[in-house]
Amino acid sequence: MAGLVLTRPIPLLILQSFLLAVAFGSNEVEEEFSEALLLKPLPDRKVLAHFHFENRAPPSNSHGRHHHLFPKAISQLVQKFRVKEMELSFTQGRWNHEHWGGSDPLSSMNAKPVGVELWAVFDVPHSQVDASWKNLTHALSGLFCASINYLESSASYAAPTWGFGRNSDKLRYGSLPREAVCTENLTPWLKLLPCRDKDGISALMNRPSVYRGFYHSQRLYLSMVDSGEEGVGSGMLLEQTLTVVLQPDDVSVEKHLQPSWSLSSLFGRNVVGKCVLAKSSNVYLQMEGLAHPEAHTLWKNAEFELSIKPDRTLRESSSVLFIYSIDKSSDSEPFDLGLTWKLPSKWSCQQAPLHASRFLMGSGNERGAIAILLKATESQDKLSGRDLTNGRCTIKANIFQIFPWYVKVYYHTLQIFVDQQQNTSSEVLKKINVSPSTDKMSSGMMEMMLELPCEVKSAAISIEYDKGFLHIDEYPPDANQGFDIPSALISFPDHHASLDFKEELSTLPLLSKFKDKSLVRSYTEVLLVPLTTPDFSMPYNVITITCTVFALYFGSLLNALRRRIGEEERFLKSKGKKTGGLKQLLSRFTAKIRGRPVESPSSDSPATRSSILSTKLLFKIILVAVAAAAWQFFSTDM
Amino acid sequence: MEETDSDPLNPTTSTPGTTPEFDPKTMRSSKPGLKRLLITTTVLFSFLSGLPFLWKSVEIYRSQLPFHDIDSLSDQIKSTPLRFPCTFHAVFVGFRSTHPDQLRSEIQDGVNRLTRRSSQCGSCNVSISVTVQNPDGHCSETLPSTCSYRCGVIKGDVFGAGLDDMVDESLDDVFSGCSGDGGEMYSVVVVNKEKEDEEVKAVVGKRRHAWIVGSGLEERYGDVVARVSEVFVKVFMNGGREDDSIHGEFMPVGSDGRLVLSFSLLNSDPRDWIYDWDFQRIDEGLLAPVTKALAPIADISVESQVLYHTPKSSFSSWDEKLQSYIFRTSDLPFFVNSNEWHLDTSAGASGRSKILQFVVYIPSGKECPLHLQLPNGEISKTNGFISPMWGGVIVWNPRNCVKDSESPSRNMISPQDLEKIVEVFLGQFRQLFGFKSEAIYTSELGSYKILPSERGFTEWELDVLSRKHTCFNLQSCSTTLGSLSRLVQSLPRMIIKDEIGEQVKYSLKAAKLAQSNASLGGYSSSASSSREARSLAENAFFHPSIMSVSYFSYEHCFAVYSPFFLPVAGHVVLAALREWKRYKQEKAKYLTWLTRKKTA
């Protein structure tokens, strides 16, 4: 930035003859931004905080070029790669489906697999979808300081047909389970917000407290909203959410009480005012499973007490929502919502119909099996999403799983156990779509739809695989750590999660989001498969040893070819009387051992010969000693 | 196996009595065999003949680059600076006794004097023609006539009466049929008025015309000629800028010939006030003509954004006398806050495009109004500054600096204010390209009024830009190709893909085309083909494959092949040598035996 040049005062005449025929104050719909924070105490003494930012751009032709609130970078991305819908999530930690909920909108949308997950639907011809995906991964990896570009290779992503819950043939899905998520990913994400973390609710995102949590998932969802008009581009909706599960510092003496907390104790910061650019700026507190009857209406009751009076209170079948607007807060009067428990309270969250987990079976570096276990949850009976076809009550479950190519799955070994009884596939398995992997070219994908009876206790699916061999330069750094198999996605197509507060306030961005019916889905664990890892210096060792063997063979062959046997025999014969130095040495040695005088083989001057030999011997011994010492010196020096 | 004390092959040697002269140590009776020597030499030669194949197998693919053409291009560009043909036409109206040929030689002298020092690249090869029109309407002109100027079309009384813009238009009509012999034609009309005591007025139009009007010009005829040649050289040829005001390398155009103008409106503290603009209309109304005019030089795209919470990083102080906050020119290097100003490189700009950032900074309530104080103590009228190759900053103060009550709402910057901002921006933009924005150009001989164009750049300025840009592009293309060829020649184990070879070839082709276009006088066509040449050269130089020098280095080659070839080669060579030595020895023995036998 050195060498700044001053503009001289310019009595500019350029535009004098040119009047601006611009009429301002158009009645166009403007870009809108809104922020919200949802707080929710969890049954296992933790607190969930869900930040929700929504940025809407109306339909326009100038997307990617002129923006007021909407981030230009994202808009340009959309324009350049013709993205129709996209979701990118960065997650650290695993969502606890049992304690933190499995079938409410919050968990079905924000419980994400560990690492990075990206899916996108494109608005390009079929042949260009893969190229667009590759370019998009590169652009995103630059934008978010993450190695999303590893999803570029065709062996790391898949094109789900129906198992993912979105029926589009222009959809691509990929995930990187090992991506570490930290502040360098959060900062560019915050940069997309008009207020960044300078003001408003996002000012709460104190990095140490956010990353100290048990679960952390940062998500970016983008979708195009068709205007329906000809000649006008489509509008854009950008949804950015950050979900963290925090453990409040427990200061109370009584162990059976839920911990009390406040915003400042959770985050170490306060909200000192809304982001002035936000259309709405609200904080919600959701309480579930309240036992006390008056707790449903009062913010100060026998069970708990809130530090600030809510602006509104909304009720839903199983939960209460307190709504706060943070407009009035200021530097002198920060908004510091606190919750103090007075009575011990116990409740459970809404569970998904089946709890899914996945594990590896088998041992050794050659083959193994993957098993997915679906266990019935307690809350299953309460759920309404059953399908009563043919008088039978069934639960439908879609399983979507990607296998990397080096896990060679044998699809014929697929076995399904229902309540520990092996089941012939056709009974339970309604639909299956398999695309086998190609070595080094594409990953395998399995989509299956199960229809389980409602009274099922557990169902297990197992499939066997062989471990493949990778080429030496395909191994990642630290290959001994093992290879990750991305999470499987279990979704329940007949179950939908929604929270409807049946109020006009449901038009608020976060509440309207909750009102939308979303598919109940859960991700399984990431599996770690140890593959045989070679010694990476092996190629050179192999080269060296084979070359040496060949050289030896070649050399001895050549020597054998030019050997003169007759001549050598004659030579030996002539030398028969005088033995070689070594032989003589040996005979002297044996003689010494036996205690007999040396029987000299030849009559001529044995004394002089032996003296020469001994100096030679001495020299040899010294040479060997020096070599050994040198070897020792250099080897220890290394 | 030692052959030193080998026994003779002849079994009869044990009975030396038969041939008493025979000494088994020094002679032999039979011819030495060639079998083993043949075997070892065959093996050795098969090894040697295998070497080229091995060499071929480890060879790296290198596309052939036209090194010779690259060298000749750079030599040519270095030795002969690129010159464009320009035709200057001077029309003297109302001159009685002046002869056109004499005028022409005098103007030629003046032009030569002025251009003597500046023989830099991108200037003109001047050809001059002069027409003199009597007050009676009779004309005489220099031959060959380059222009179908119809005598008597220009009337002396038109000038001075009407507006300058109208004069400019009418001159354009007059000279519309004219075309120089290659290149653009520039004309200066000198009108000698009959009336007395009229001041001399010189105007440079927006097209390629200038006129000097006054009375009694015929008497001051030497002055007039000097001014005419000055207009030709200083304005039309050099664009009214100092020779070294801007160098080619500071031309703010990306090496792929693209330029992104990124406009950002920065609300430094939205809690005080929020301003928004309707930039799309500015883009369509005001910037589109400018980008269109500059199309031969750069492919320009425009984008805008509004950012919030973007304080500047330098401090300002309250000045009681000026009743405003002041930042000084010494603060300018610290004004741009790269930590908080997320101006962003544009995803729309690919690869090597140039991005120029134009920032409108709205100060917060704590530092409003904010003004730039010039070193002479005055307040800058534009309240902005540029940073070469980066862009420009304009500080815009909200009217009255009154805070919004309670919650700030979004205000729109009024169209009048926006117009002013765009004016300043255009001035900055011109300055980044090296042009001044003053309406008066002053030289030693007098001042000229310069008519501004609504497109930001007048036609003669665009011509200057095209010429300079072509020259700079060709220079940059030749240096890039030159360094590529040096790099390629210095790294013998670098893979060079065919694609690079193609790009180099096309780049050379485009450079040739630009040169020939330039010699024919096609300004914009040579500018665009030179742009292509430069971008192709840069593409070749920055081709992704060129960055990775092959991992298959000599060391690697040695490490892989030496465990086999070193010991084997040792065996083979030693065996061949020994066999050869032995053969020679044995043959010598045999020969001595033969001579002995002969003598015996």
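The values are calculated or read from the model by the stated rules, or taken from the named source; none is laboratory data. In this text the structure is predicted, and so the values were computed from the model without any measurement. Cβ placement follows ideal geometry from the backbone for every residue including glycine, while neighbour counts extend to all protein chains displayed. With ligands, DNA and RNA removed, areas are computed over all heavy atoms of the protein, side chains included. Shrake-Rupley method; radii C 1.70, N 1.55, O 1.52, S 1.80 Å.
Counting lysine pairs in the range A:32-189 that sit 8 or more residues apart in sequence, or on different chains, and whose Cα atoms lie under 27 Å apart gives 15.
Restricting the calculation to Cα atoms, every distinct pair contributes to the Kirkwood radius of the range B:351-412, found to be 13.9 Å. With both partners inside the protein assembly as shown, how many of the DSSP beta bridges are antiparallel, as a percent to the nearest 5? Bridges in the protein assembly as shown are about 70 percent antiparallel.
Among beta bridges identified by DSSP and lying wholly in chain A, the antiparallel ones come to about 95 percent. Packing, taken as the mean count of other beta carbons within 10 Å per residue, orders the peptides B:213-223, A:105-115 from highest to lowest as A:105-115, B:213-223. Along the axis of the charge dipole computed for chain A (Cβ charges of +1 for Lys and Arg, -1 for Asp and Glu, origin at the Cα centre), the listed residues A:Phe267, A:Thr548, A:Leu143 are led at the positive end by A:Thr548. Across peptide B:570-577, the mean count of Cβ atoms from other chains lying within 10 Å of each residue's own Cβ comes to 3. For chain A, the membrane-span-like helices by this rule, meaning whole DSSP H stretches whose C-alpha atoms cover at least 18 Å of axis and whose Kyte-Doolittle mean is 1.0 or above, are A:538-561; this says nothing about an actual membrane. Measuring from centroid to centroid over Cα atoms, what is the spacing of the range A:259-277 and the range B:393-463 in Å? So the separation of the two Cα centres works out to 45 Å. The Kirkwood hydrodynamic radius of the range A:197-241, based on inverse pair distances between different Cα atoms, is 13.5 Å. Taken residue by residue and averaged, Cβ atoms of other chains lying within 10 Å of the Cβ of A:66-77 number 6. Go through A:Lys396/A:Lys517; A:Lys573/B:Lys598; A:Lys575/A:Lys616 and tell me which ones have a Cα-Cα distance over 24 Å in this structure. Violating the 24 Å limit, Cα to Cα: A:Lys573/B:Lys598. Listed by chain and number, the lysines whose C-alpha is less than 16 Å from the C-alpha of B:Lys505, apart from same-chain residues fewer than 8 away, are B:Lys497. Over the protein assembly as shown, the pair-distance histogram of Cα-Cα distances with 20 Å bins from zero comes to 8, 24, 25, 19, 14, 7, 1, 0 percent, rounded to whole numbers.
Per residue of peptide B:271-280, the mean number of Cβ atoms on other chains within 10 Å of the residue Cβ is 4. Reported value for chain A: 371 Å³ per residue, from the convex hull of its C-alpha atoms. Packing around the peptides B:27-39, A:170-182, taken as the average count of other Cβ atoms within 10 Å per residue, puts them in this order, highest first: A:170-182, B:27-39. At 24 angstrom or more along the helix axis (alpha-carbon based) and mean Kyte-Doolittle of -1.0 or higher, what helices does chain B contain? Whole DSSP H runs only. In chain B, the long hydrophobic H runs are B:35-57, B:415-432, B:459-490, B:498-520, B:523-541, B:554-599.
DSSP finds beta bridges in chain B, and of those with both partners inside it, around 25 percent are antiparallel.
Summed over qualifying helices (DSSP H, 4 residues or more, each -39500 (n - 2.57)) and divided by its residue number, the protein assembly as shown shows a 222 nm mean residue ellipticity of -9500 deg cm²/dmol. Straight-line reach from A:Lys408: taking Cα to Cα under 19 Å and skipping same-chain neighbours fewer than 8 places apart, the aspartates and glutamates in range are A:Glu366, A:Asp439, A:Glu447, A:Glu464, A:Asp466, A:Glu474, A:Asp484. Diagonalising the gyration tensor over the Cα atoms of the range A:84-168 and scaling each eigenvalue by 5 before taking the square root yields semi-axes of 26, 17, 10 Å, largest first. For the range A:448-492, the equivalent ellipsoid derived from the alpha-carbon gyration tensor has semi-axes of 35, 12, 10 Å in decreasing order. Scattering from the range B:454-550 was approximated by placing one identical point on each alpha carbon and applying the Debye formula without solvent; log10 I(q)/I(0) at 0.16, 0.25 1/Å stands at -0.66, -1.17.
If only the Cβ of Lys and Arg carry +1 and only the Cβ of Asp and Glu carry -1, the dipole of the range B:385-514 around its Cα centre is close to 580 debye. Computed from protein heavy atoms with a 1.4 Å probe, the total accessible area buried between B and A is close to 7200 Å². For the protein assembly as shown, the share of accessible area belonging to carbon and sulfur comes to 56 percent (1.4 Å probe, ligands and nucleic acids excluded).
Checked against a 20 Å cut-off, the cross-linked pairs B:Lys78/B:Lys234; B:Lys292/B:Lys512; A:Lys274/A:Lys309 give Cα-Cα distances beyond that limit for B:Lys78/B:Lys234; B:Lys292/B:Lys512. Straight-line cross-link partners of B:Lys436 among the aspartates and glutamates, defined as a Cα under 19 Å from its Cα and at least 8 positions apart when in the same chain: B:Glu230, B:Glu242, B:Asp243, B:Asp244, B:Glu249, B:Glu423, B:Glu444, B:Glu454, B:Glu459, B:Glu461, B:Asp463. Per residue, the convex hull spanned by the Cα atoms of the range A:68-111 amounts to 116 cubic angstrom. How high is the FRET efficiency between A:Ser154 and B:Gln64 when r is their beta carbon distance and R₀ equals 45 Å, given to the nearest 0.05? The calculated FRET efficiency here is 0.85. In the context of the full set of protein chains, residues of chain B present 46 Å² of accessible surface per residue (probe radius 1.4 Å, heavy atoms only). Based on alpha-carbon atoms, the Kirkwood radius and the radius of gyration of chain B give Rg/Rh equal to 1.31.
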